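One structure is given here, and the rest of the page talks about it.
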Amino acid sequence: MEMEGSNAGVVTELLSGAGSGAITKLNDATSTSTRGERGLERFDDFTIASSWERFISEIEAICRQWLADGPNILTQKGAESVPSFDNLYVVKRELKHGKRVYCMEYHFMKSAKGKHSYWDDDTHSMQLSFGVYEFLIIAPLSASGVVLDDPESTKLLSSVAIALSNCGSNWPAFVPVHDPSRKAYIGIQNLGTVFTRRFEADRIGSQVPIRLMHLEGLHELFLSKFVLSSTDFPARVKVIFSMKLTYRTPEYDYYNEETLVSEANESIAESEVANHPKKQWDDDCSWAEWYSAEDPVKGFELTAIWGERVFEETLEMAEVENASSFDADRWLLHPIVSPYMVDDSIGKFVGFASQLQLLVKAFESSAEAQFLEDFVADTSGQENSKSTVTVPPPSVVDRVMKDLFNDEVGNSNYVEAENKYGRAMKGAPSDSLFAQFCLHALWFGNCHIRAIAVLWIDFVREIRWCWEESERLPRMKSTSSIDLCTCLIHQKLHMLAICIERKKSLSREKGTDHAHEDGISNSVAQNKTRKGSAGVVPSMMLLNTFQEMHAPYTQDALLMTEDMHEERLHAAEAFGNAVGLSGQLERDVLSSDMSAFKAANPDAVFEDFIRWHSPGDWVSEDGAEGSSGWPPKGRLSQRMSEHGNMWRKIWNDAPALPVSEQKFLLDPIREGEKVIHYLETLRPQQLLEQMVCTAFKSSADILNRTTYGGFKLMKTKMDQLYATLASTLKSLQGKSDISDLSDDLKRLCQVFEHIEKLLILAASVHRKLIDAPRLSQAIFADYYNYYLPKMGTSLESVCYEKEFTAKEKVGMHERDAVSNLFPPPTANQSWRKVLSMGNLLNGHEPIQREIVFSVIERISNGHYSSPTPLSTDEQIETHRMYISGTSNDLWVALSVTSWD
């Protein structure tokens with residue numbers, strides 16, 4: 001580990017003054033000789049300077065320029081920022097000496113650090129190892145970048161040392177030596193006219209001595225560099241100690257955990273264990289029904305830091321090694337993020353976004369044929385490659401249909417925690433039949449147009465079977481009005497579900513006895529039996545009988561889908577009179593309401609119906625009803641009092657029939673057949689337009705149901721996703737050209753992928769740190785800020801090489817939750833690795849241990865006292881050793897300050 005004596009002697013001689021100003025002295029001697037020989041010519045011949053002196057001169061010129069410029073000007077001139085370090089910059093220059101070309105690098109900080117800690121994340125490895133701030137590194141331009149022989153390394157370091165001494169600079173200079181795998185350096189720093197600091201670093205890559213695996217042995221190694229025996233110093237040496245331990249969570253094995261729990265309860269047969277499905281981390285997540293995502297958080301790295309402490313005896317090191325990690329001054333937690341989260345190359349991530357990209361490609365191909373059957377037909381002779389795409393076998397189609405039309409699913413209630421922007425997208429609710437079809441299509445045969453055509457034809461065939469057999473449609477409501485904010489296919493399926501229910505009701509009615517039906521009608525007329533009452537209307541009485549008025553059950557408003565409304569509008573525009581076209585429909589609805597009112601109120605008159613159905617057409621001539629005698633004073637409005645009023649005519653003709661005995665306003669047979677015809681003749685482009693809208697919306701709704709701890713940043717991003725979806729997919733409703741929409745949809749897929757990745761990571765972080773909500777939210781915020789620059793809308797990948805290195809401080813009350821990430825190793829795991837280091841955390845040894853030993857002495861004391869009077873308060877770090885290693889690796893960096 002120690003520098004060879006000859007090398008150290010050369011460097012010492014150079015920095016003590018023997019080599020300082022060598023170029024100037026040589027040049028002066030040469031100049032005097034020339035003047036003596038040639039008289040007044042005064043010719044200075046510099047050509048006799050050696051190549052080494054010219055090399056030193058070139059280094060000196062470069063260093064002087066860097067010193068004169070300073071950090072601010074150097075950054076303006078193009079100094080490069082060192083990756084992963086915010087405040088560290090580097091400038092480089094190439095130099096040639098003989099046949100070798102060298103590269104000299106000057107690392108500096110643009111702004112001076114305040115209170116500095118060894119263990120700051122913004123500390124470069126050279127700064128940490130040798131306790132320096134700015135430094136020079138000079139190395140050959142070669143594949144390895146290191147100097148392999150001692151004479152060359154000594155000469156190279158001497159050259160830099162002389163140049164820096166001539167400049168009056170105290171920058172430390174380093175030269176890499178030996179094999180690159182050893183990470184070995186030698187270095188030197190001139191600390192003025194009195195002190196010199198020398199640096200050495202080397203590594204043991206295997207077979208680390210057992211003594212050096214423990215703190216006691218490492219402490220003794222440090223003392224051996226300046227204490228030859230226990231009698232050298234009468235007093236104990238006060239060594240300043242600081243330590244950083246890094247732990248990595250073991251890979252969580254869900255299967256082994258379940259197996260161990262089961263084994264604890266009862267024995268399991270080997271065949272059962274073999275067939276036991278392996279549990280995935282996201283089995284209970286909202287997207288797990290469709291795909292299993294790779295866990296984006298592979299684990300955590302916990303950093304435990306012990307601040308500076310002073311020890312005087314080696315035995316005290318054993319106490320530190322056996323101390324609990326909970327005694328550390330600081331805990332820092334860093335998530336280990338999966339590479340696929342960082343790599344934004346298109347196609348690497350498999351999730352909803354990747355399948356939506358395939359659906360967009362299918363949408364681009366949908367205009368190639370007029371009918372879906374054309375995509376299914378064999379077109380092997382054509383250039384089009386759609387026939388060569390593999391379609392899943394019929395057994396897979398059967399499984400999909402069985403899942404879609406499962407009798408156990410029941411009717412969908414569409415009760416969703418929808419985003420406020422969700423209604424702006426004309427798609428089907430995510431739990432509805434068509435939405436489930438779209439989600440299945442995303443994963444069916446790579447979602448190409450031919451596979452979608454095959455699946456749709458079978459889907460419509462199942463729909464027709466349900467219609468013909470009067471079987472209810474699963475996942476669809478059979479009541480309530482049709483939501484015109486959804487896509488047209490969903491509206492049609494809703495209409496069909498209602499038609500099926502009414503068709504079944506008609507079938508039941510046909511089986512009843514018509515005579516019995518007539519008897520009921522006669523009894524209603526003769527005995528005036530009340531039927532179809534929904535309840536008493538508060539504060540209202542019948543005018544003639546002073547009986548309580550009853551509100552009847554009425555038929556639902558006439559159901560119409562969006563295209564039916566458009567047909568009526570176009571017809572009205574064509575005929576020029578919308579009132580005449582809709583008059584018959586209004587009469588049918590009004591007649592149904594009057595019949596139901598008569599059945600619920602046998603003694604009612606036309607004026608009673610007007611008071612209930614259209615209060616605005618009853619003009620009251622006194623106060624509140626019932627407050628000033630009976631009957632109440634009032635009259636019909638002028639509109640209702642006119643001769644030949646249509647309402648009165650309908651009232652006179654309407655029979656007293658409750659809703660249950662009336663003819664449906666909607667003809668279920670005719671409307672149902674129209675729906676089936678629409679589904680069977682739907683054009684491919686029309687189908688794919690609605691599938692794209694529904695698939696994007698349903699995928700977003702599924703992700704939105706994910707539990708991620710309510711992270712504010714994630715919620716904001718989901719709101720932005722919905723707003724972007726609504727804005728982009730609105731173009732599909734405008735019947736725009738496919739080529740115009742293609743690029744927008746592809747960019748939308750990119751945005752969706754970024755947010756899907758973030759959401760999966762948020763869910764993973766939340767469930768792993770569910771007992772530390774502040775910490776989990778802070779870690780997600782760190783990654784969000786890191787990932788934000790990648791979240792553009794460009795179709796091309798963003799080159800963003802900076803690594804995610806953020807660490808979050810763990811509060812004292814959060815340490816128990818973090819320690820739970822390190823479960824004690826099981827008996828099955830213990831034999832895999834023989835523990836050889838101390839500082840265990842729940843039975844886990846650190847993956848890396850970093851230590852800094854140092855000794856600080858006053859200049860006026862001991863070895864470092866000077867005959868020249870100096871300030872008695874000045875202190876200097878005389879020895880410093882940085883140690884980084886594990887049980888199989890050890891790297892040591894030593895710096896020693898000497899008085900010359």
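Over all directions, the average projected area of the alpha-carbon convex hull for the range 51-205 comes to how many nm²? Could the numbers behind the result be given before it?
Numbers: hull surface 39.8 nm².
Reported value for the Cα convex hull: 9.9 nm².
How high is the FRET efficiency between ASP150 and ARG309 when r is their beta carbon distance and R₀ equals 60 Å, given to the nearest 0.05? Let's see the in-between values first.
Values: r = 38 Å, r/R0 = 0.63.
Plugging the Cβ-Cβ distance into 1/(1 + (r/R0)^6) gives 0.95.
If the chain between LYS712 and ASP398 were fully stretched, how many nm would it gain, using 0.36 nm times the residue separation less the Cα-Cα distance? Could the numbers behind the result be given before it?
Working: separation 314, 0.36 × 314 = 113.04 nm, distance 4.27 nm.
My answer for the length gained is 108.8 nm.
Quick one: if the Förster radius is 45 Å, what FRET efficiency do LEU191 and ASN785 give, using the C-beta to C-beta distance and rounding to 0.05? Working shown, then result.
Working: r = 41 Å, r/R0 = 0.90.
Given R0 = 45 Å and the Cβ-Cβ separation, E is 0.65.
Determine the dipole magnitude for the range 639-731: charges of +1 sit on the beta-carbon of Lys and Arg, -1 on that of Asp and Glu, nothing else is charged, the reference point is the Cα centre, and the result goes in debye to the nearest 20.
Values: 13 positive and 10 negative charges, 102 e Å.
Dipole magnitude for the range 639-731 comes out near 480 debye.
Quick one: net charge of LEU636's neighbours, Cβ under 15 Å, K/R +1, D/E -1?
Numbers: positive: ARG611, LYS633, ARG635, ARG639, ARG648, LYS649; negative: GLU607, ASP608, ASP617, GLU621, GLU642.
Value of the local net charge: +1.
Suppose each label sits 7 Å from its Cα in the direction of the beta carbon; what would the ARG211-GLN733 distance come out to in nanometres?
Calculated label separation equals 8.1 nm.
For GLU874 and ARG423 in one chain, what is 0.36 nm times their gap in residues minus the Cα-Cα distance, to one decimal in nm?
On the way: separation 451, 0.36 × 451 = 162.36 nm, distance 7.31 nm.
Length difference between fully extended and current span is 155.0 nm.
With a sphere of radius 15 Å drawn around the Cβ of GLU58, what net charge do the other residues whose Cβ falls strictly inside it have (Lys, Arg +1; Asp, Glu -1)?
Working: positive: ARG54, ARG64, LYS92, ARG93, LYS96, ARG100, LYS155; negative: GLU53, GLU60, GLU94.
Net local charge, GLU58 excluded: +4.
Could you report the range 51-205's accessible area per residue, 1.4 Å probe, as an integer in Å²? It would help to have the intermediate numbers written out before the result.
Numbers: 6890 Å² over 155 residues.
Result: 44 Å² per residue.
Where the convex hull is taken over the Cα atoms of the range 639-757, what is its projected area averaged over directions, in nm²?
On the way: hull surface 60.9 nm².
It is 15.2 nm².
Evaluate E = 1/(1 + (r/R0)^6) for GLU373 and ASP283, where r is the Cβ-Cβ distance and R0 equals 30 Å; express this FRET efficiency to the nearest 0.05.
0.15
Which pairs in the list LYS503/LYS697; LYS361/LYS768; LYS730/LYS768; LYS361/LYS492; LYS477/LYS757; LYS504/LYS674 are over 29 Å apart, alpha-carbon to alpha-carbon?
Numbers: LYS503/LYS697 32 Å; LYS361/LYS768 37 Å; LYS730/LYS768 39 Å; LYS361/LYS492 26 Å; LYS477/LYS757 34 Å; LYS504/LYS674 18 Å.
As for pairs spanning more than 29 Å Cα to Cα, those are LYS503/LYS697; LYS361/LYS768; LYS730/LYS768; LYS477/LYS757.
Can you give the extra length, in nm with one decimal, that the chain gains between SER142 and ASP329 once fully stretched, where that is 0.36 nm per residue apart less the Cα-Cα distance?
Details: separation 187, 0.36 × 187 = 67.32 nm, distance 4.34 nm.
Extra length from SER142 to ASP329 when fully extended: 63.0 nm.
Which entries of LYS426/LYS802; LYS531/LYS649; LYS77/LYS715 have Cα-Cα distances beyond 32 Å here?
On the way: LYS426/LYS802 40 Å; LYS531/LYS649 23 Å; LYS77/LYS715 43 Å.
Pairs exceeding the cut-off: LYS426/LYS802; LYS77/LYS715.
Quantify, in whole percent, the carbon and sulfur part of the accessible surface of the range 51-205 (1.4 Å probe; protein heavy atoms only).
Working: 3440 of 6890 Å².
It is 50 percent, rounded to a whole number.
How many angstrom separate the Cα center of the range 441-488 from the Cα center of the range 875-900?
The range 441-488 and the range 875-900 have Cα centres spaced 73 Å from each other.
Write down Rg/Rh for the range 429-490, rounded to two decimals, with Rg from the C-alpha atoms and Rh from the Kirkwood relation over Cα pairs.
Details: Rg = 12.8 Å, Rh = 12.9 Å.
Reported Rg/Rh (Cα atoms, Kirkwood Rh): 0.99.
With an 8 Å Cα cut-off and a minimum separation of 6 or more residues, compute the relative contact order for the range 51-205 in percent.
Details: 255 pairs, mean separation 28.2, N = 155.
Relative contact order here is 18 percent.
The values are calculated or read from the model by the stated rules, or taken from the named source; none is laboratory data. What you are looking at is a predicted structure, and each value in this text was computed from that prediction instead of being measured. Here Cβ is always computed from backbone atoms with ideal geometry, including for glycine, and neighbour counts include all displayed protein chains. Accessible surface areas use protein heavy atoms only, side chains included; no ligands, DNA or RNA. Shrake-Rupley method; radii C 1.70, N 1.55, O 1.52, S 1.80 Å.
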